[in-house]
1. Within the set of other residues whose C-beta is less than 11 Å from the C-beta of Asp35, count the net charge using Lys and Arg as +1 and Asp and Glu as -1.
2. Give the long-range amide H neighbours of Asp128: residues separated by 5 or more places, or on another chain, with amide H under 5 Å away, using H modelled in the peptide plane at 1.01 Å from N.
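Read-outs throughout are calculated quantities, based only on the coordinates presented, and are distinct from any laboratory measurement. In this text the structure is predicted, and so the values were computed from the model without any measurement. In this analysis, Cβ positions are derived from the backbone assuming ideal geometry, glycine residues included, and neighbour counts consider all displayed protein chains.
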Amino acid sequence: MVIAAVVVETGDVRQARLGMRSALLPGQRRLHLTDERPARRHLILDLVARQALVAIAEAAPTHGRRHAQVQDELPRKVVRRVAASGARRIVLDRVAEELLEADRATISRALAGVAPDVLYDHLPSTADPLLWAADAVAWAVGAGGHAAARLAPIMRAPDAQHPAAPRPGSQPGALPTPTGVSDASMTCRRQVRQRPSARHPRWTPTIPGRGRWHW
């Protein structure tokens with residue numbers, strides 16, 4: 001299972017959303033890498049890497065472990081890392097009504113004693129283009145290989161401090177000191193890694209299982 005998030009400073013949110021919308025094809029209401037062709041996936045991943053944002057991801061195998069345990073453990077890790085970045089608002093993909101209460105309880109436990117003032121809400125994926133960026137990060141981390149490498153400039157290691165967003169045109173990996181990061185906005189999604197297929201030969205199946213979850 002992979003949990004992914006993107007953190008964007010308040011002043012960069014509008015531009016990042018416009019950047020993600022620029023990749024929409026006529027008739028498309030959102031970007032979702034599972035539905036895209038390989039060439040389009042490369043284009044979207046490169047687009048995400050050019051935005052002024054920082055990507056955070058956590059992954060864990062579900063084989064031999066209770067799925068519910070991993071489903072609770074990974075979101076807590078990501079939420080705490082996002083809160084540590086100074087984010088003050090968390091936007092989650094609204095996928096299934098029956099998961100909303102469980103998601104809220106998980107986030108509340110993660111933030112308790114760490115950042116209790118952080119606001120969070122669920123929105124449809126069509127409502128916020130930054131959810132598409134988080135979806136792309138989750139897909140790339142699950143796919144591994146060249147896909148993950150395309151996002152390397154914006155990925156943050158778990159022990160990295162103050163994940164400020166790189167400015168467009170800046171040197172890859174040279175992330176400046178954050179300014180106004182306390183007003184940052186963040187989105188995240190969740191998916192289970194899939195087995196490779198003839199259509200996706202580059203996927204690295206480090207975690208078995210089909211289907212996906214979003215968060």
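1. Every neighbour counted, the sum reads +2.
2. none
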